[in-house]
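Working notes, structure below.
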Amino acid sequence: MYLLVIFFPLIGSILSGFFKNLLREKGCVFISIRCMLYSTFISYFILFEVAFSNSVCEIISLNWIDCESAFVNWGFYFDSLTAIMLIVVNTVSLCVHMYSSGYMEEDPNLSRFMSYLSLFTFFMLILITSNNFVQMFVGWEGVGLASYLLINFWYTRIQANKSAVKAMIVNRIGDFGLVLGIAIIFYFFKTLDFKVIFSLVPYLSNLYISFLNVDVNIITLICLLLFVGAIGKSAQLGLHVWLPDAMEGPTPVSALIHAATMVTAGVFVLIRCSPLLEYSSFILNFIVIVGSLTAFFASTVGLVQNDIKKVIAYSTCSQLGYMVFCCGLSNYSVSLFHLMNHAFFKALLFLSAGVVIHTMRIDIQDMRRYGGLYALSSISYISILIGSLSLMGFPFLTGFYSKDVILEVAYAKFSVYGTFAHWLGTLSAFFTAFYSFRLVYLTFLSFPAFYPHCAYYLRPHHNIGVLVEKISLDIMSRLMLESLALLCVGSLFIGYFMKDLVIGLGSNFSQSSFLVLIDNLNFIEAEFLPVYIKMLPVIFSILGALFSLFIYSFYMRILVKLQLGNTLFSKFFRSIYIFLNQKWYFDQIYYYFVILPSLNFGYYVTFKTLDRGFIEIFGPLGIVRIFNFISEKMNKLHSGFIFHYVFIMMIGICFILVLVQMNFFIFLKVDDIFYFLFVLFFYVSEKNSYEDFNDYISDN
């Protein structure tokens, strides 16, 4: 049963991809959804048996690598961390499969799309259930491949091609760091099995190596390289540039890969490797800084985005920052809890945004061209409102039970790094609430900014608001409604019902999944903080939401005047707006300092100087020129007199004997010498004979 949860999505992917002509589109949709449904049901049984019944399970299936000291099995490890991730991945993936059956109904390549979705789910399950680093890396690269295929699903669009390539290349940077970390782990630990490595960490915590005359701790170096991989996959500051551009894929892709599952792979690796991270205080502090800066950066950029999907994408980046710096604070269970909660309300936001986009006759994603859509798409309005309230941490919704706890444990750290993360996280909560309700107002509550004929009044499966009033719903639209309803329930109640289990005091849910040293424990102090500290994130969030509604309802013209005015304050406001709208100029920095120098180096150095210059001159062209030069000189010695030839042969033999006496051919054998001379003589003789023959033909 445990292995079926992994291989059901693979079966659905193979049948949908290779037998689409036999099964047709409806058959492919039916099989892929049914396989995901079975896998999801099994996930809940695994959660009950592993987490509730405290029965950790490990399955060793096949030998994979057996080469001297390198021994790796195909093994699957099921603990409480894996059980929670199975619930998150399979539930969200099931909802996305159901939603895609209606959303992509008119696409001629629906079966291929469903196959890619199932393939991605399979690789993600391989990643979270592996018991060693090599198998985890297979799933890690597999989700990257599936991400490329899904972003580039509409491969005839040049922007989709560019976005997919960008996502692949940026992730390669993080993957390179992860590979180096795995290699160093194998070199020092002589194994790649999680349990063995984590048990040996205390004995190697004081081991140092010298690099460039600097002593580096082995555990610190390994954790740094693993974190580089997490930065790339989880879109942290510096390698975040691929995530917003990945919105070029279909909306279900954004919901599954770039909001709920794939981008959380980096956070999962940090949680899984907690026994390594706990023995490096430097890396923990570094993780706190990077995560908090990412949360603040993404929340500020989301304030000025106009594409509805990119606003949600930057909110994803910001929430990932919360999860990452929570890992740096050694509160891995809280980070996992927020990961689980975030998956539900972020998938709900993306899928609801997809309904909004397809409510319009042409796929408009600019929120400034929406307005008044609550009358046309009431279900999407309710869904986005629930998702936005949960995202901003409104009291008693799912996001409230994890987001506020993260800020509380950051304050309870009572250190410079904890305070730094707490205040940046609190400001990020204000900005998150602001742009969340900016999205709600511009999309649903503002005056309509589109022509009435641009809406789908006669397309019930795209207009969910009209669809609810219909009695005869087709199966595709029902599946879309069911997926949205399931995610709404999760966004409302999953945090309340799971809080005591995952992060409650005295809960043994984590079992042996995480390791927290006594010096890093601070969760208990967070329970006894002053009330005003606990209420601060909620107050900031509510103020941000009200401020957004107030500004965009009554003072929209003031914003326009500030952008177009000539006063000093207007110029300052306009410069801030441009700075945020240009995403802190990260794309320009990458272009001028990374991409352009790389292209210039590739053209002027490697191509013109090396390939077309050095290699060709001293390579094939150089050898030909040398032989031609020798042949021209030797041609003058062909006088036709035998005594001339004998004289030349005697000089050559004497020259070779002198070189042999001088040990000139000490590294060569005598046979090699004569072979080289034979080849040289044969080439020159043949070339001269060919030239003599041409001269004879031309004379006669």
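Since every read-out is calculated from the coordinates, none of them should be taken as a lab result. All values derive from a computational prediction rather than experimental measurement. Quick reminder, even Gly has a Cβ in these numbers, built from the backbone with ideal geometry, and neighbours come from all protein chains shown.
Full extension of the chain segment joining Asn508 with Phe7 gains 177.4 nm, where the gain is 0.36 nm per residue of separation less the Cα-Cα distance.
Taking each residue as 0.36 nm, the span from Ile289 to Val560 lengthens on full extension beyond its C-alpha to C-alpha distance by 94.0 nm.
Distance between the 7 Å Cα→Cβ label points at Leu207 and Glu482: 5.3 nm.
Express the Stokes-Einstein translational diffusion coefficient of segment 26-157 in µm² s⁻¹, to the nearest whole number, given a Kirkwood radius over alpha-carbon pairs, 4 °C and a viscosity of 1.567 mPa s. This corresponds to a translational diffusion coefficient of 80 µm²/s.
If R0 is 30 Å, what FRET efficiency do you get for Ile626 and Phe601 from their C-beta distance, rounded to 0.05?
On the way: r = 30 Å, r/R0 = 1.01.
FRET efficiency, Ile626 to Phe601: 0.50.
Each principal axis of the Cα cloud of segment 123-221 was taken in turn, and the coordinate range along them, longest first, works out to 54, 34, 14 Å. With kT/(6 pi eta Rh) evaluated at 10 °C and eta = 1.306 mPa s, and Rh the Kirkwood radius from Cα pairs, the chain diffuses with a coefficient of 56 µm²/s according to Stokes-Einstein.
Compare the peptides 554-567, 182-195, 125-138, 315-328 by average per-residue count of other Cβ atoms within 10 angstrom and give them in order, highest first. Show your work: numbers first, answer last.
Working: 554-567: 11.3, 182-195: 17.1, 125-138: 22.6, 315-328: 28.1.
Answer by packing, highest mean first, reads 315-328, 125-138, 182-195, 554-567.
In this label model, Glu58 and Leu610 are separated by 4.5 nm, measuring between points 7 Å along each Cα→Cβ vector.
Going through the cross-link list Lys309/Lys346; Lys166/Lys233; Lys310/Lys346; Lys499/Lys534; Lys403/Lys583, which pairs have a Cα-Cα distance over 18 Å in this structure? Going by Cα-Cα distance, Lys403/Lys583 fall outside the 18 Å limit.
Straightening the chain between Phe493 and Arg24 buys 165.0 nm, computed as 0.36 nm per residue apart minus the Cα-Cα spacing. A crude spin-label estimate for the pair Leu543 and Tyr590, with each label 7 Å from Cα along the Cβ direction, gives 3.4 nm.
So, R0 is 45 Å and r is the distance between the beta-carbons of Arg112 and Val531; what FRET efficiency does that work out to, to 0.05? Numbers along the way, then the final one.
On the way: r = 55 Å, r/R0 = 1.21.
Plugging the Cβ-Cβ distance into 1/(1 + (r/R0)^6) gives 0.25.
Quick check on the exposure proxy: order Tyr532, Tyr2, Tyr603 from fewest to most C-beta atoms within 10 angstrom.
On the way: Tyr532 8, Tyr2 18, Tyr603 11.
Fewest to most other Cβ atoms nearby, the residues stand as Tyr532, Tyr603, Tyr2.
Applying Stokes-Einstein at 4 °C and 1.567 mPa s to the Kirkwood radius of segment 358-412, computed over alpha-carbon pairs, gives a translational diffusion coefficient of 97 µm² s⁻¹.
What the Cα atoms of segment 156-553 give is an Rg and a Dmax of 22.0, 76 Å. Protection proxy ranking for 239-251, 158-170, using the average of other Cβ atoms within 10 Å per residue and placing the highest first: 239-251, 158-170.
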